[in-house]
Structures are given as C-alpha cells and as structure tokens.
Amino acid sequence: MRRTSVSLPTKHVRRDPYEKAGRYDAGHRDVGILEKLQAATMNQAQKTRWIKTTAIVVFLVFLFYYLSPKGADIYKGVSHSGGQSPSDATYGTDKCTKSYSKDKPIVQYVLMIDAGSTGSRIHVYKFNNCGSTPELEKEEFMMTDKSVGGLSKYKDDPIAAAKTLDALMEVAMKTVPDKLKGCSPVAVKATAGLRMIGAEASDKILETVRTHLEGYPFPVVSKEENGVAIMDGSDEGVYAWITTNYLLGKIGGPDQSPTAAIFDLGGGSTQIVFEPTFKGIPGGGMPEKMAPGDHKYDLAFGGREFELYQHSHLGYGLMAARNSIHLNLLQDIYSQEKTKGFLNKPILNPCINAGQSDMVKVKLGDGSPLGTGELELNMTGPATPAPAQCRALAERILAKDSDCKLSPCSFNGVHQPSLAKTFGKEDVYIFSFFFDRTKPLGMPDSFTLRELHDLTNSVCGGESAWDVFGTVPGALDELRDRGEYCLDLNFMIGLLHTGYDMPIDREVKIAKKIKGNELGWCLGASLPLLSKNSGWSCKVSQSY
Ligand SMILES: *[C@@H]1O[C@H](CO)[C@@H](O)[C@H](O)[C@H]1NC(C)=O
C-alpha cells in the first residue's frame, strides 16, 4: 500500500461581485410631481451616496491604470521575494490579475521530462492560480529527434545521455519567463526502457542527468521525491488516472461526481486504475472494502481521499502480447510437426488479416525449443477468415485459469475487484494503443465492447469484408499496411472482456486528449509539484 499526497486547496470562499444587497429596490414606484421636485435638491443621504460612488469610481480608474500591463512596471517588475509563495506577481496570465490565494503565485510553471525507451519528451506546463484549483493554461511540448533516441541508448556514455536533454531544455528556457525560472521545478521520470540496461548503468545516467540539469536556472526536484528517477508502474498508472480525472474536472475542483477508470495499453505493459465502490452491492458475498495488497493505492488529492485499485500487467502491452501470441502459435505447430522445418516456409496464422501476409519478428524466450534470439517469419493470414481461432490464441496468453490467491482475479492470477459489481456505470477511458487502433478505422469516441467485437470480425475478414471502411479516410491504407490488425483487435477485445471481465455491453470511451490536453501520466505527475513541500524550493532568492 502506498500513499501519495497532493494538497490542492478545496475550501471555497465565493466572492460574488454582483451579489445583491437583498434590499427592496424603492426605485420602481411611480414618482409624482412633488417627489420629482424634492429630488432636484439632494438630501443628506443622497449626498453621502454621491460622494461614496465618486470615490469608488476614482479608485477603480486609478486601480485599472496601475494594473494594466503597459500602464505600470508591476507587470514586469514585481517578483517573488524568495521563498516558494510569491504573492503579488501580477504578470503572466490574462485570466485574472490576482492569485486566488495569497500563498500561491498567480502563475506557476512545471517542467516534466518523460524519458521513454525510444526518445525523451519535455512538457512545459503553465498553470494559473486564478481559482481555488490550479488551472492548466498552456502546454509546450517537444520530443528528441528519432535519431537521438532515449537515454538508454547511451548506456556507456552518461554525459552524452544527459546532453540529449539540452534540445528539450531549450524549449523551457524560451517558454518560462526569466523571473519565474528559479521557481519552476523540473523532474525527469524514466519508464521501463532505462530499467532494461541494468541498475548500475541507469543510476549513473540518472545521476549525470541530475548534475547536468542543475546547471540550468530551474530547481531540480529532490532525490527523496524521485525528481530524476525510474518510475514505478503503479505511479505511472495512478498519474495517468490523475491526469484524466483532473482534465475531466472530477478531481481537484468542486465537482464530486464519480471518477473515471483508465485503461492504458502501452507496448510492454497495460495498466488499469479505478476507484471501486463497495457499498450497497446487492446479493451480498462482496466485501465491504477493498482487500489490502499492492493493488491498493491511497491517494490524497485536492483535499479528498481516494482508495484506488491499480495494477500494471507487465508483458501484456500490445507489442509484448503480439510476441506471446506468435510464440504460442509456433509452439503449437512445432509440437505437431516435431521439426523446425516449418520456420522456413510461410506460416499460416489466424491472427493475420485474411488474405494478407506480413514479415513478423518474433523474439524467442529463454529455453524455447525453437532456439534463442529473434526470428523473422513470413506470417500469412487464412484464406477464409478465422477470427474465433485468433481470439482463442489471444485469450490463451491471458492465463485466465492461473491460481488466484485473492479472489476475484482478472487474469494471470492478479486480484481485481469485479468491474460489473464495483464500477458498473461510471466512465471508462481507454487510451494509447486502444485509441491508435480504433480511431483510424472510424470508431466514434464512445462505443460498446460488442461494437469493438464486431469491428474485430470485419477487420479479420480481409479485403472482402472491408467495404464498411470505404468511407473512412485512410482506413483501408491503415489495414493493408498492418497484417497484424486482426491480432491487435482480438487482443484488445480479449483483454477488456475476458481479461478484465468487463461486460460486453459496457460503454468505453477512447481519447488521446481531453480539453486539448494530452492524456498520459505526465500532467498527473506534475500537479503534485504545485503543492508546498513537494521536493523543491525556489533556486535563487530573487530581489529586484
Ligand atoms: C509470404 O508468403 C506468401 C505466400 O503464403 C507470399 O505470397 C508472400 O509474398 C510472402 N511474403 C514475403 C514478404 O515474402
């Protein structure tokens, strides 16, 4: 069990400038001649009112002049007087002129570097504190050139690895105003790729990256808070959950509607995170609370407590799943033929689109009777579509009958509260490869698993079944390019319906962005850095 705490203020003090005094407005009655005459001379009360009004108007004009950007030096002059809570910086946003809380600067930047296996990316987030919840106002994004690659590519040269981030830091240098740089934290979170090169090499790279970044004017988030580190699978999932629910306005703000579940499908692993509800389940037999264990993640965010279920299924990302499915098929054939000769001929594979063929690389596992290393094989789809056979292959790798130590289990012996019972109606968001394989074929933003199943069968059917895609721009090219489309979709429907045990009529939503912002873990990992004591402090005490 882990605990992450993010404190965003949730207390609301509404100040409505248009608030009515609630007095009866006397102005509506008919005014007689006498009264009009009376009104021509001001009485004492009216005089006082007139003076007050004039004073307020003069004050407002004065205020407006001084707060207007070109009218005064305040715009560029006032700054943080050290510390992490500059209170009266008025520059940087046109959303408001004053921070909601005097403990928070009006504008805050956070720099998040995503060190992935194929490349590194920077997100420069700009938040304003105009309201009780930090609002994401803008995001600058940049990734390293394909030829540059990820940090892990430089396992023997940590300095070269660190320098690949300079192109990204350039964006931060340009984006963040000079006066805010010293109070804009930077963090680097590496995903699985860096772990692959071993602890010694990856520690050296991360250490060098930290030192290198310290040469910039931005404070680097401390070691204790994992400022430059390899990220846990559980954190990755939970951060993505925070991103999604924050952008949906379900957390961190006044809205207390049920949170959305997220299902992420990467290349190597797949993540599930949701907030199950245990109360009021009819029929009994269900526990009142979530069972303890590694799957339970206690999150404090925006003044609320969330008890999340999360799991990262390593080896069940799309690329890993493809490999397992192909390996299973090869092993099946080998156990029938007893010789390896079949590897030199085209291999009939029910998971390749009917009538198509593809050259497929398959990594052989340790101790495989077929040998070691990687094979490149001609995989040919069936002449007559065989989606059910492919589905059976795809489901076999889920190992549904594995020993389940803590029931109920989803697949591969992993405990998971029942989605049907504890998450029956709330929103389900599926993204990454789920999005990349369904959107190009014309799927709407929301569909049921049954519709995904129907889509799968059409795709596996090959050219003769692809009339339905004729009206979707680019869809046919996409399918002809990728013989493994039938496999990909069969794995997805198998994973969601059979693996995670999601009812077939359940609606899911695909998304890449919400309100114009990229989904994924980066934003969710950045939000905690807006709070005090999140592992950094302003780098230089600035005084002007
Ligand atoms: C793979 O084998 C099929 C025959 O089953 C053949 O038509 C196709 O050209 C082969 N593909 C490649 C890339 O060799």
Practice task
Would you check if there is a residue in the range 379-392 being basic (Lys, Arg), more than 16 Å from the ligand (Cβ to nearest atom), closer than 29 Å to CYS460 by Cα and outside any strand (DSSP E or B)?
Solution key: yes
Practice task
Looking only at the range 510-533, count how many residues are surrounded by 18 or more Cβ atoms within 10 Å (Cβ to Cβ) and under 19 Å from MET443 (Cα atoms).
Solution key: 4
Exercise for the section: Examine the range 342-353 for a residue that is polar (S, T, N, Q), in contact (Cβ under 8 Å) with a residue 24 or more places away in the chain, touching a Phe, Trp or Tyr at 6+ places or on another chain (Cβ under 9 Å) and not in a strand (DSSP E or B), and state whether such a residue exists. Expected result: yes
Exercise for the section: Can you tell me which residue within the range 393-407, out of those that are in contact (Cβ under 8 Å) with a residue 12 or more places away in the chain and part of a loop (DSSP other than H, G, I, E, B), is nearest to the chain's Cα centre (by Cα)? Expected result: LEU398
Exercise for the section: Could you grab me the full set of residues in the range 476-525 that are on the phi > 0 side of the Ramachandran plot and either of a type in the set (Asp, Glu) or not in a loop (DSSP other than H, G, I, E, B) (or both)? Expected result: ASP501
Fill in the blank from the handout: In the set VAL362, VAL428, the lone residue that is modelled with pLDDT of 95 or more, closer than 25 Å to SER312 by Cβ and not assigned by TED's automatic domain parsing to the domain that holds GLY249 is VAL362
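Residue by residue, here is whether (1) farther than 25 Å from HIS497 by Cβ; (2) more than 14 Å from the ligand (Cβ to nearest atom) holds:
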| position | (1), (2) |
| --- | --- |
| LYS345 | yes, no |
| ASN353 | no, no |
| GLU374 | yes, yes |
| LYS400 | no, yes |
Exercise for the section: Return a yes/no flag: does the range 356-370 have any residue that is aliphatic (A, V, I, L, M), buried (at least 18 other Cβ atoms within 10 Å of the Cβ), within 16 Å of the ligand (Cβ to nearest atom) and not in a loop (DSSP other than H, G, I, E, B). Expected result: yes
Practice task
Could you identify the single residue in ALA187, ALA161, ALA172 that is closer than 25 Å to LYS204 by Cα and part of a strand (DSSP E or B)?
Solution key: ALA187
Practice task
Check off (1) at pLDDT 90 or above; (2) surrounded by 20 or more Cβ atoms within 10 Å (Cβ to Cβ); (3) not assigned by TED's automatic domain parsing to the domain that holds SER446 for ILE242 and give me the number that stays unchecked.
Solution key: (3)
Exercise for the section: Return the pairs, sorted by first residue and then second, in which the second residue is among the hydroxyl-bearing types (Ser, Thr, Tyr) and assigned to a helix (DSSP H, G or I), the first residue lies in the range 162-179 and is under 13 Å from GLY150 (Cα atoms) and in the same structural domain as ALA115 (by TED's automatic domain parsing), the beta carbons are less than 8 Å apart, and the residues are 6+ apart or on different chains. Expected result: ALA162/THR208; ALA162/THR211; THR164/TYR154
Practice task
Kindly provide the set of residues from the range 194-226 that are assigned to a helix (DSSP H, G or I) and free of Cβ contacts under 8 Å to residues at least 24 places away in the same chain, ordered by number.
Solution key: ALA199, GLU200, ASP203, ARG210
Practice task
Quick one: TYR429 ticks every box in (1) surrounded by 13 or more Cβ atoms within 10 Å (Cβ to Cβ); (2) over 30 Å from THR471 (Cα atoms); (3) under 29 Å from the mean Cα position of the chain (by Cα) except a single one, so which number is it?
Solution key: (2)
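The values are calculated or read from the model by the stated rules, or taken from the named source; none is laboratory data. Here the structure is a predicted model, which means the values were calculated and not measured. When we count neighbours, we look across all protein chains shown, and the Cβ atoms used for this are built from the backbone with ideal geometry, even at glycine.
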